[in-house]
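> Pasting a structure here, questions to come.
The values are calculated or read from the model by the stated rules, or taken from the named source; none is laboratory data. Nothing here was measured: the structure is a model prediction, and the numbers come from that model. Glycine also receives a Cβ, built like all others from the backbone with ideal geometry; neighbour counts cover every protein chain displayed. Just the protein is used for accessible areas: all its heavy atoms, side chains included, with ligands, DNA and RNA removed. Shrake-Rupley method; radii C 1.70, N 1.55, O 1.52, S 1.80 Å.
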Amino acid sequence: MKAAVSTRITYNTLLFFTRIDYIKLSPEKVLVPITIELSNRNLEFKKELNFSRAEVNVYGIVTGLTGRIMSEFEDVISTEYMDVYFQQGKNNRSLYQKIVALPPGQRFKLDLVLKDVNSKSVGAMSLGLSVPKYEEGELQSSTIILANSVSQAPANSDQLEQYVIGDLKVLPNVKSEYVEGQNLIPYIQIYGMAVDQTSLEPSLDVTFIVKNGNNIVEEIKGMQENSAQFFYGQRVVLLGKIPLKAIKPGKYTLEVRVADNIAGRTVSTCIDFKVNEPVQTAMAANP
């Protein structure tokens, strides 16, 4: 797998998708979740007793501009279904995530190689990572993670455990694709907000704006029924829930605009998403 990176593999017979996010951990470190999605239809399942299993080897390496290795990892994505659920499972997708910690304000290169153990198909990808620098005293945000689901993380979770951000387990929608009637679930962190000296709490107003090109399709104020804020001293975690009941199929942008009422500052962050024609979809994640 590592040799495939060093020899500049140019063929790709195993299709996969990747999403990169940036979450501030400390002034010296930024968490970089690297999320991979595979369609089970592209995997070869091997029959074993009364179930079928697919396995994909994962190799990743993050290097600096000078070639210094910042992170290197190997893992296995294992997906299996009992015979009675196999046909349904083939329509699912499999997720894998590796979280690495990198210094802020620098550029890195990520090389990924995936190999289907049963079919021997190989996929490779190289990406540039531009890790943001979070300045003290400035109102800033993480990237927006559009989640398939958000739940409470187990109490004994490690900070680099896949899908775990703080005390929450966030499963990303890697391709940011939806159908009409689903909910957008944006997860975002805010840094550098002012705190009221009496209540010892921040005061943030949130607006969710859905755009189609330059046209505003919906503008939704963050209220108790569609968003939640959690204050952790150095950051505020925002969770939203935006129904797509009136959004027609097409390409859109979600802008999350946050106003700090105490300091009189604003920050906005955007992410693209797509609404597809209704189809039967399901998600399978490998925890």
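> On the given criteria, is Asn118 touching a Leu at 6+ places or on another chain (Cβ under 6 Å), in contact (Cβ under 8 Å) with a residue 60 or more places away in the chain and either in a strand (DSSP E or B) or more than 26 Å from Ile69 (Cα to Cα) (or both)?
Working: touching a Leu at 6+ places or on another chain (Cβ under 6 Å): no; in contact (Cβ under 8 Å) with a residue 60 or more places away in the chain: yes; either in a strand (DSSP E or B) or more than 26 Å from Ile69 (Cα to Cα) (or both): yes.
Against the criterion (touching a Leu at 6+ places or on another chain (Cβ under 6 Å), in contact (Cβ under 8 Å) with a residue 60 or more places away in the chain and either in a strand (DSSP E or B) or more than 26 Å from Ile69 (Cα to Cα) (or both)), Asn118 does not qualify.
> Given Asp260, Asp205, which one is charged (D, E, K, R), in contact with a Gly (Cβ under 9 Å, 6 or more places away or on another chain), open to solvent by less than 40 Å² (accessible area, probe 1.4 Å) and at pLDDT 95 or above?
Values: Asp205 fails: open to solvent by less than 40 Å² (accessible area, probe 1.4 Å).
After ruling out the rest, the residue left standing is Asp260.
> Ok, one more. If you go through segment 164-179 one residue at a time, do you hit one that is closer than 24 Å to Pro104 by Cβ, in contact with an Asp or Glu (Cβ under 8 Å, 6 or more places away or on another chain), modelled with pLDDT of 95 or more and among the small types (Gly, Ala, Ser)?
Taking every residue of segment 164-179 in turn, none turns out to be closer than 24 Å to Pro104 by Cβ, in contact with an Asp or Glu (Cβ under 8 Å, 6 or more places away or on another chain), modelled with pLDDT of 95 or more and among the small types (Gly, Ala, Ser).
> Related question: Collect the residues in segment 20-36 that are more than 17 Å from Ser71 (Cβ to Cβ) and buried (at least 16 other Cβ atoms within 10 Å of the Cβ), keeping them in residue-number order.
Lys24
> Name the residue that is farthest from Gln182 (Cα to Cα), counting only residues in segment 208-227 that are exposed (fewer than 14 other Cβ atoms within 10 Å of the Cβ) and of a type outside the set (S, T, N, Q).
Within segment 208-227, the match that is farthest from Gln182 (Cα to Cα) is Gly213.
> Follow-up. Going by the conditions given, is Ala153 more than 30 Å from Gly250 (Cβ to Cβ), free of Cβ contacts under 8 Å to residues at least 24 places away in the same chain and in contact with a strand residue (DSSP E or B) (Cβ under 6 Å, 6 or more places away or on another chain)?
yes
> Here's another thing I want to ask about it. So for segment 244-253 (the condition being open to solvent by 30 Å² or more (accessible area, probe 1.4 Å), under 19 Å from the mean Cα position of the chain (by Cα) and free of Cβ contacts under 8 Å to residues at least 12 places away in the same chain), does at least one residue qualify?
Our first condition is that a residue be open to solvent by 30 Å² or more (accessible area, probe 1.4 Å); within segment 244-253, this holds for 245-246, 248-249, 251, 253.
Narrowing further to those that are under 19 Å from the mean Cα position of the chain (by Cα): 251, 253.
Cutting the leftovers down to free of Cβ contacts under 8 Å to residues at least 12 places away in the same chain gives us none.
Scanning segment 244-253, I find no residue that is open to solvent by 30 Å² or more (accessible area, probe 1.4 Å), under 19 Å from the mean Cα position of the chain (by Cα) and free of Cβ contacts under 8 Å to residues at least 12 places away in the same chain, so the answer is no.
> Taking the criterion of being in contact (Cβ under 8 Å) with a residue 40 or more places away in the chain, touching a helix residue (DSSP H, G or I) at 6+ places or on another chain (Cβ under 7 Å) and part of a strand (DSSP E or B), would at least one residue in segment 271-287 satisfy it?
Within segment 271-287, one or more residues are in contact (Cβ under 8 Å) with a residue 40 or more places away in the chain, touching a helix residue (DSSP H, G or I) at 6+ places or on another chain (Cβ under 7 Å) and part of a strand (DSSP E or B).
> Name the residue that is nearest to Leu38 (Cα to Cα), counting only residues in segment 87-119 that are polar (S, T, N, Q) and buried (at least 20 other Cβ atoms within 10 Å of the Cβ). Talk me through it step by step, then tell me what you get.
Within segment 87-119, the first condition is being polar (S, T, N, Q), and the residues that meet it are 87-88, 91-92, 94, 97, 106, 118-119.
So of that shortlist, the ones also buried (at least 20 other Cβ atoms within 10 Å of the Cβ) come out as 94, 97.
On the way: Ser94: 5, Gln97: 12 Å.
The extreme case among them is Ser94.
> Here is a follow-up. Search segment 89-112 for residues that are farther than 30 Å from Lys46 by Cα and touching a residue at least 60 places away in the same chain (Cβ under 8 Å) and pair each with any residue that is of a type in the set (Lys, Arg) and surrounded by fewer than 17 Cβ atoms within 10 Å (Cβ to Cβ) when their beta-carbon atoms are under 6 Å apart and the residues are at least 6 apart or on different chains.
Qualifying pairs under 6 Å: Ala101/Lys29; Pro104/Lys133.
> Another question, then. Just to check your reading of the model, which residue among Val217, Val237 is under 21 Å from the mean Cα position of the chain (by Cα), within 17 Å of Pro186 (Cβ to Cβ) and among the hydrophobic types (A, V, I, L, M, F, W, C)? Step through it out loud before you land on a result.
Working: Val217 fails: under 21 Å from the mean Cα position of the chain (by Cα).
Answer to the check: Val237.
> Can you find, within segment 37-72, the residue that is farthest from Gln97 (Cα to Cα) among those that are part of a strand (DSSP E or B), open to solvent by 20 Å² or more (accessible area, probe 1.4 Å) and of a type in the set (A, V, I, L, M)?
Ile69
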